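The structure appears below as structure tokens.
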Amino acid sequence: MLIENMKMALAALRANKLRSFLTMLGIIIGIGSVIAITSIGDTMRRMFADIYKDIGVTQGYLYIGYWVEDVRDSDYFTMEELETYKELFPGELAYVDAGASLSGTVETKLQKKKFNFTGIDYNYIDVQPVTVKYGRYLRESDVLARKPNCVMEASAAKELYGTENAVGRTFRIDVYGTMTEFNVVGVYEKEMSAFQRLMMGSNSGTGEALIPWTLLTWPNDSIYQCHYFADPSMDEQQLKDFNQRFQAYVAGTKGRNPEDFYLVSAQSEMGQVDTMLGGISAAVGGIAAISLLVGGIGIMNIMLVSVTERTREIGTRKALGATTGDIMIQFLTESAVLSAVGGIIGVTLATALVSAGGAAFSLPVVIRPSVVLLAVGFSALVGIFFGIYPARKAADRDPIIALRYE
Amino acid sequence: MIRLPGKRKETAVPADTGGRESEELIRLENLVKIYDTGALRVLGLNKINLTIRRGEFVAIMGHSGSGKSTLMNILGCLDRPTLGQYYLEGQDVAGLKPDELSAIRNRKIGFVFQSFNLISRMSVEKNVEVPMTYARVKPAERKRRALRLLEQVGLLSRVSHEPNELSGGQRQRVAIARALANDPPLLLADEPTGNLDSQASVEIMELFARLHESGVTVVVVTHEDNIAAYTHRIITFQDGRILSDRQNEHPTPVSSQQGLLHRLT
């Protein structure tokens, strides 16, 4: 019976192609925009998630608040303090350094290239994995002895020396006013997601290299900020909890309230992105809802026309034994099918559009099947809701009058 | 196609009524229908008493306004009488609710209309299936029965056509096949030849005659004497009352065409 009704509904739709299409337009636009925006939102969310994953989701920076006026020497960090934190939060605090970096220009016979030198501890590779292609990574002894050794990113090495294997090469740069000669002890390669490569595209002029963080503790080993990674295996709640505890502990050791210290965590930044995307989605969702409402009214209108046009058919069906319910279901199926077909067209158009956009930016587009199913289901629901009144009208027809209708 | 043979045989095939002829199919007792149009009350039917037995072939005649259409609607369970009883196969259907009446129409009454009332955009076969759909017959069985009925009315070659591809006579034959879909005890035809030319009219009336011969109870509403002449009993209405009710001793003879409708039901 239901399949029968659906076949009939599709036949009716085919018989009036243009009218059906115009009727479905509201639904097509409504569902299409929902799918497009959800997909764009999901894609952006994935993009940011990937970027933060590359950067490290458990990463944080902690420093005395810029709003604190009576800053004391003790508000800064010493190297010893940073070491003790690691011991105090075993299994939770995976990595600590001063979060310092240095930029400078390296000159060789071949090239002159701007570099960004990141000051790291020897176990930075555990929280920011890279592949060491030539030579070695920085060792604990390099860090402790403040040796001017450097691990360079492969493409930068190739640009600078004409070969990726730059192990054994030296260069001189200015470190806080002292010209220092660095040895290249290793070359690494970093895997990047499609998103990050896209984001880095404009930034490729600057070379990347890693040096011991102990070289960047100027002046007087007084360190402005604590840069850390919590254990990467932590879930969202554990991480949030740890960030708070760590902030409170550090502030406490310095005789400060927790809120006097400023915590910048990747987690909270990500939350902001999510909030922003959520806001955009809600706004577009509202527009889509209006569009679906208009589409639904269009469907109601055309169903009323259809019920009038087919008065005799209704009369005949009732004479042949159709009950009120049979007629109701027939017309409800028709409006639901009309609306659902609109939904399917909308989904198809939106998917094509978003995929084309994704292809243009060489981005992998996220389209959730659950969202697609929900959208089509919802459009069918819109059809049923706005079909109730016309179907009721059809079902309540008196067969004698309906049979006489011209 | 049912073709008219060159010469007609005078003797019709004897009706195989299986001894059910004496059984009552319809009994109306003091049936009254009043139309209340607010300011005016019109008496549509005035105390009608009428019995129709199984296997009868009846014509209901009368001018417009005589009450024959009102009776037709009540017999067809499309309308309810204001007063009185209507027994169909012994069941009082006068007081049933609309959906209960739908079920009665579906199982017990086969309708044939003046303007065919086939559903457009649906194949001939699907049209015949409609009453079975409402009787919740399984699709395979529906198809089997529809094809058998279409074979019996001589339209097996047209099963996948749509109604607008058929002639008037063919459409009415589809409608008759549809009316027989649920094997109803009563076939009710309202001016079945009103929209047909004379040749198609003869075809349709001969089809009814053969259905009657095979045991189906047929009631035809008409205002044409030559149509009523095919039937065996003619009831004439005037002003909401039965004016006359007589047996037709010499119904128009039917060509004895074999192969069609020789085994209905």
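Only one of the numbered conditions (1) more than 22 Å from residue B:56 (Cβ to Cβ); (2) more than 14 Å from chain A (Cβ to nearest Cβ) is not met by residue B:133, and that is (2). Report, by residue number, each residue of the stretch A:368-378 that is surrounded by fewer than 17 Cβ atoms within 10 Å (Cβ to Cβ), part of a helix (DSSP H, G or I) and not aliphatic (A, V, I, L, M). Matches in the stretch A:368-378: A:369, A:370, A:377.
Every residue, every condition in (1) within 11 Å of another protein chain (Cβ to nearest Cβ); (2) in a helix (DSSP H, G or I), yes or no:
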{"residue": "A:338", "(1), (2)": "no, yes"}
{"residue": "A:348", "(1), (2)": "no, yes"}
{"residue": "A:366", "(1), (2)": "no, no"}
{"residue": "A:380", "(1), (2)": "no, yes"}
{"residue": "A:393", "(1), (2)": "no, yes"}
{"residue": "A:400", "(1), (2)": "yes, yes"}
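Residues in the stretch A:314-336 that are without any contact (Cβ under 8 Å) to a residue 12 or more places away in the chain and either more than 14 Å from chain B (Cβ to nearest Cβ) or open to solvent by 30 Å² or more (accessible area, probe 1.4 Å) (or both): A:323 alone. For the stretch A:24-49, filtering for residues that are within 30 Å of residue A:10 (Cβ to Cβ), of a type in the set (A, V, I, L, M) and surrounded by fewer than 23 Cβ atoms within 10 Å (Cβ to Cβ) leaves 4.
Is it true that residue A:146 is without any contact (Cβ under 8 Å) to a residue 60 or more places away in the chain and more than 30 Å from residue A:358 (Cβ to Cβ)? Let's see the steps before the verdict.
On the way: without any contact (Cβ under 8 Å) to a residue 60 or more places away in the chain: no; more than 30 Å from residue A:358 (Cβ to Cβ): yes.
So residue A:146 fails the test.
Check whether at least one residue in the stretch A:120-140 is over 33 Å from the mean Cα position of the chain (by Cα), under 29 Å from residue A:253 (Cα atoms) and not in a loop (DSSP other than H, G, I, E, B), and report yes or no. For the stretch A:120-140, residues over 33 Å from the mean Cα position of the chain (by Cα), under 29 Å from residue A:253 (Cα atoms) and not in a loop (DSSP other than H, G, I, E, B): present. Out of all the residues in the stretch B:136-148, is one or more within 14 Å of chain A (Cβ to nearest Cβ), in contact with a helix residue (DSSP H, G or I) (Cβ under 6 Å, 6 or more places away or on another chain), within 30 Å of residue A:14 (Cα to Cα) and free of Cβ contacts under 8 Å to residues at least 60 places away in the same chain? There is at least one residue in the stretch B:136-148 that is within 14 Å of chain A (Cβ to nearest Cβ), in contact with a helix residue (DSSP H, G or I) (Cβ under 6 Å, 6 or more places away or on another chain), within 30 Å of residue A:14 (Cα to Cα) and free of Cβ contacts under 8 Å to residues at least 60 places away in the same chain. Residues in the stretch A:20-76 that are basic (Lys, Arg) and more than 29 Å from the chain's Cα centre (by Cα): A:72 alone. A count restricted to the stretch B:72-120 and to residues that are more than 8 Å from every other protein chain (Cβ to nearest Cβ), in contact with a Phe, Trp or Tyr (Cβ under 7 Å, 6 or more places away or on another chain) and buried (at least 22 other Cβ atoms within 10 Å of the Cβ) stands at 1.
Of the residues in the stretch B:93-107, at least one is out of contact with any helix residue (DSSP H, G or I) (no Cβ under 8 Å at 6 or more places or on another chain), β-branched (Val, Ile, Thr) and under 14 Å from residue A:321 (Cα atoms).
The values are calculated or read from the model by the stated rules, or taken from the named source; none is laboratory data. Bear in mind that the values here come from a model prediction, so they are computed numbers and not experimental data. Ideal geometry is used to build each Cβ from the backbone, glycine not excepted, and the neighbour counts take in all protein chains shown. Remember, those area values only see protein heavy atoms, side chains included, never the ligands or the DNA or RNA. Shrake-Rupley method; radii C 1.70, N 1.55, O 1.52, S 1.80 Å.
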